[in-house]
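Heads up, the thing below is written out as C-alpha cells.
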Amino acid sequence: MPRIVLTAAVLGTPDPRGLARFYQRLLGWPLRDDAPEWATLRPADGGTGLSFQLETDHVPPVWPPEPGAQQMQQHLDLEVDDLDAACALAEEAGARPLGGHQEGGERVRVFADPAGHPFCLFTRG
C-alpha cells in the first residue's frame, strides 16, 4: 500500500484569512499560508493542520439538523483540559454557542465558528 498522510482538513469560507485567525487564536498554531483565497495553520510539531479555502457562495450548515436546510457534513472535535476556559476563549474569539451534552464521561459543548462550521469542545472523565 502506498504511504498516504492526512495533512489538513479544509474548511470552505467566504473569509479564509479571518477564519484562519479564529482557529489560530483557539488552537495557538502558527499561520503558514495567508492569502485571500487560501490560508493554512499547522501545529508546531508538524502534525495534521487546518486549511481554509475561499468559497464565495458558502452556505453555513444548520445545527441541530433541520429538514430542507444545509446539513453539516463534517465537524471538528477538540479535546480540552478546561472546558469552561476553552468555551470562554472560543466565544471571545467569535464562536457562537449551539448547545451541548454529556455522555458517559465526556462533557461536550457545540459551537459554530465565524463561518458557521460546527465544532465541539469536550473533556473526558
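The values are calculated or read from the model by the stated rules, or taken from the named source; none is laboratory data. Keep in mind it's a predicted model, so treat the numbers as computed, not measured. No Cβ is skipped: glycine too gets one built from the backbone with ideal geometry, and neighbour counts run over all protein chains shown. Side chains are part of the model used for accessible areas, which takes the heavy atoms of the whole protein and leaves out ligands, DNA and RNA. Shrake-Rupley method; radii C 1.70, N 1.55, O 1.52, S 1.80 Å.
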statement: Stokes-Einstein, Kirkwood over Cα pairs, the chain, 25 °C, 0.890 mPa s; D in µm²/s equals 160
statement: HN-Hα couplings for region 71-88 via Karplus (6.51, -1.76, 1.60; θ = phi - 60°), in whole Hz with x for Gly/Pro, come out as 8, 5, 9, 7, 8, 9, 9, 10, 7, 10, 8, 9, 4, 4, 5, 5, 5, 4
task: Kindly sort Met72, Met1 by accessible area of their heavy atoms, largest first, with the probe set to 1.4 Å.
output: Met1, Met72
Region 64-70 - phi-based ³J(HN,Hα) in whole Hz, Karplus 6.51/-1.76/1.60, Gly and Pro as x: x, x, 10, x, x, 9, 4
- prompt: With every protein chain in place, what's the accessible area of Cys120 (1.4 Å probe, Å², nearest 10)?
  reply: 20
task: Calculate what fraction, in whole %, of the accessible area of region 39-121 sits on carbon and sulfur atoms when a 1.4 Å probe is rolled over the protein chains.
output: 46
Fraction of beta bridges assigned by DSSP in the chain that are antiparallel (%, nearest 5): 70
- request: Would you mind counting up the charge near Val108? Only other residues with Cβ under 14 Å from its Cβ, with Lys and Arg at +1 and Asp and Glu at -1.
  value: -2
message: In whole Hz and in residue order, list the ³J(HN,Hα) couplings for region 33-39 that follow from phi through the Karplus curve 6.51 cos²θ - 1.76 cosθ + 1.60, θ = phi - 60°; x for Gly and Pro.
response: 10, 8, 10, x, 9, 7, 9
- line: The answer for the chain, accessible area per residue at 1.4 Å probe in Å², is 60
Calculated [θ] (222 nm, deg cm²/dmol) that DSSP helices of n ≥ 4 give over the chain, each run adding -39,500 (n - 2.57): -5500 deg cm²/dmol
message: Rounded to whole Å, give me the distance from the Cα center of region 68-123 to that of region 1-54.
response: 18
